[in-house]
Amino acid sequence: MKVDVVLGLQWGDEGKGKIVDYLAPNYDIVARFQGGPNAGHTLKFDGKKFVLHTIPSGIFRPDLINLIGSGVVIDPTTLRRELEELDAAKVDYKDRLFIARKANLILPTHRYLDKASEAAKGKAKIGSTLRGIGPTYMDKTGRNALRVGDVEQEDFLARYAKLREKHLDLLKIYPKVEFDLAAAEQEWMNGIELLRTLQLVDGEYYINKALADDKKVLAEGAQGSMLDIDFGTYPFVTSSNTITAGACTGLGIAPSKIGEVIGITKAYCTRVGSGPFPSELLDETGDFLRKEGQEFGATTGRPRRCGWIDLPQLQYTCMLNGVTQLVVTKMDVLDKFESIGAATRYIHKGNESSELPYDICEKDLDTKIIMLRGWSESLDTVTTYEQLPEAAQDYINNIQEYLSIPVSMISTGPERHKLIVRKG
Ligand code: GDP
Ligand code: IMO
Ligand code: MG
């Protein structure tokens, strides 16, 4: 069996949690492959709402296995809080949640460093979620990290103390920031205790054996392709590979094992944090999108920046990911717009192109926007593609034609079943 991948094609928050939760019953295993608690994946069903940060979005489906893969960075404190929420909701996860031993641990001092390093950047800050993501992946590539499997080793505490000391030395080069390390450590150690009671596995063997046994696997990405460490809007990116290739390195599966790549885009575009956003609307239209789409971060609560859909940007991320089907979310958010914009070209130093320039942070960059007809009616009761107003169908066709990839699902609300699934 192959591994299907769900990932975001923009700057995150495309609705990955909702789509993974919807698709999960078609699979045996849902596996998160990168990122950490910088992610916030929202699920809504049966009048309930959950925001997952580390735990895969298949956890609410009975009997389904959920794996946190090696490419993920885990903060035991956040994980413990997430598990407490599952306990409160009476979700039985003990036999179904597996954690790869090679996943890296986020230490309290990683969060401390994140905060101090952002403070040092001043106006040039990344706008990080301050969850310790960057410093943890730096320790991973710097070959200093502590990994989940290390909690089973006798020298764990000594290794923790050594890395902590190193971080405290490093902190001296940064401006002083408030951080209650003693309290954070106390909570973290409680998280480590809990982690020791969970099912730790050699993730790469686990997943490959499952595939050999004909199990169906859905890989869940975090963040979005424009936040990819290699191909995103560097340096305003996260610190992991958010693209399909990240599913291979983050789970330990060969590229030939990848099946469908399901790329998600909002019907418009958002970004949270700093960095370039060529089709951003800094006017009342942007404010209206934020209000209609309730665009506030699921992890930090920060207002998200809003703009029109950016087709060259999507073409770029479809290329990077090998997207085989598209999902368009938040179509309902456009219900009240008489006309809807779409960026179709980049204008860089006076030259038009459908390709993104090397440095999209440059000032001399603009997008060509075409205006499309809005549908000006509610999509609330629409359940099939045929029931969509003609202008909404045209809008979807425009995206499909520009990208030459079929749109297989259209989401019309946050709830699990507010989804139009196209046959064939
Ligand atoms: P993720 O990080 O990609 O999983 O996305 P987030 O959960 O951070 O953000 C998506 C937000 O949009 C959440 O609040 C979802 O409940 C909500 N949402 C998802 N799909 C739709 C949709 O089709 N319409 C509307 N109005 N909200 C949606
Ligand atoms: P999900 O999985 C949206 C953004 C941050 C910041 C940059 C770096 O919910 O889509 P980091 O904390 O990784 O150092 O932040 O990346 N960012 C996200 N934006 N959705 C996310 O995750 C994000 N995870 C990180 O806002 O600009
Ligand atoms: Mg999110």
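Yes or no, residue by residue, for (1) under 20 Å from Gly36 (Cα atoms); (2) without any contact (Cβ under 8 Å) to a residue 40 or more places away in the chain; (3) touching a strand residue (DSSP E or B) at 6+ places or on another chain (Cβ under 7 Å); (4) crowded, with 18+ Cβ neighbours inside 10 Å:
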{"residue": "Lys162", "(1), (2), (3), (4)": "no, yes, no, no"}
{"residue": "His167", "(1), (2), (3), (4)": "yes, no, no, yes"}
{"residue": "Gln186", "(1), (2), (3), (4)": "no, yes, no, no"}
{"residue": "Gly191", "(1), (2), (3), (4)": "yes, no, no, yes"}
{"residue": "Leu194", "(1), (2), (3), (4)": "yes, no, no, no"}
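Where in the range 277-362 are the strands (runs of 3 or more DSSP E), entirely inside, with at least 1 residues that are among the aliphatic types (A, V, I, L, M)?
Passing ranges, in order: 325-329, 339-348.
Here are some conditions: (1) within 13 Å of ligand 1 (Cβ to nearest atom); (2) not in a strand (DSSP E or B). Ile420 meets all but one. Which one does it not meet?
Among (1) within 13 Å of ligand 1 (Cβ to nearest atom); (2) not in a strand (DSSP E or B), the lone unmet condition for Ile420 is (2).
Tell me yes or no: at least one residue of the range 221-239 is in contact with a helix residue (DSSP H, G or I) (Cβ under 9 Å, 6 or more places away or on another chain), away from ligand 3 (no atom under 16 Å from the Cβ) and closer than 12 Å to Gly35 by Cβ.
Yes, there is a match, as at least one residue in the range 221-239 is in contact with a helix residue (DSSP H, G or I) (Cβ under 9 Å, 6 or more places away or on another chain), away from ligand 3 (no atom under 16 Å from the Cβ) and closer than 12 Å to Gly35 by Cβ.
Only one of (1) surrounded by fewer than 22 Cβ atoms within 10 Å (Cβ to Cβ); (2) more than 12 Å from ligand 2 (Cβ to nearest atom) fails for Ile262. Which number is that?
So Ile262 meets the others, but not (1).
Write out, first by first residue and then by second, each pair whose Cβ atoms fall under 6 Å of each other, whose residues are 6+ apart or on separate chains, and whose first residue, in the range 278-303, is touching a residue at least 40 places away in the same chain (Cβ under 8 Å) and over 24 Å from Ile360 (Cβ atoms) while the second is open to solvent by less than 60 Å² (accessible area, probe 1.4 Å) and within 13 Å of ligand 3 (Cβ to nearest atom).
Here the result reads Ala298/Gly40; Ala298/Thr42; Ala298/Val51; Thr299/Gly40; Thr299/Thr129, each pair linking the range 278-303 to a residue that is open to solvent by less than 60 Å² (accessible area, probe 1.4 Å) and within 13 Å of ligand 3 (Cβ to nearest atom).
Are there any pairs, at least 6 apart or on different chains, whose C-beta atoms fall under 8 Å, with the first in the range 1-25 and more than 15 Å from Thr242 (Cβ to Cβ) and open to solvent by less than 10 Å² (accessible area, probe 1.4 Å) and the second of a type in the set (S, T, N, Q) and more than 12 Å from ligand 3 (Cβ to nearest atom), and if so, which?
Here the result reads Ile19/Ser411, each pair linking the range 1-25 to a residue that is of a type in the set (S, T, N, Q) and more than 12 Å from ligand 3 (Cβ to nearest atom).
Would you be able to say whether some residue in the range 291-313 is of a type in the set (Ser, Thr, Tyr), at pLDDT 95 or above and within 16 Å of ligand 3 (Cβ to nearest atom)?
No, the range 291-313 contains no residue that is of a type in the set (Ser, Thr, Tyr), at pLDDT 95 or above and within 16 Å of ligand 3 (Cβ to nearest atom).
The values are calculated or read from the model by the stated rules, or taken from the named source; none is laboratory data. From a predicted model like this one, the values you see are computed outputs, not experimental measurements. In this analysis, Cβ positions are derived from the backbone assuming ideal geometry, glycine residues included, and neighbour counts consider all displayed protein chains. Keep in mind that these areas ignore ligands, DNA and RNA; they rest on the heavy atoms of the full protein, side chains included. Shrake-Rupley method; radii C 1.70, N 1.55, O 1.52, S 1.80 Å.
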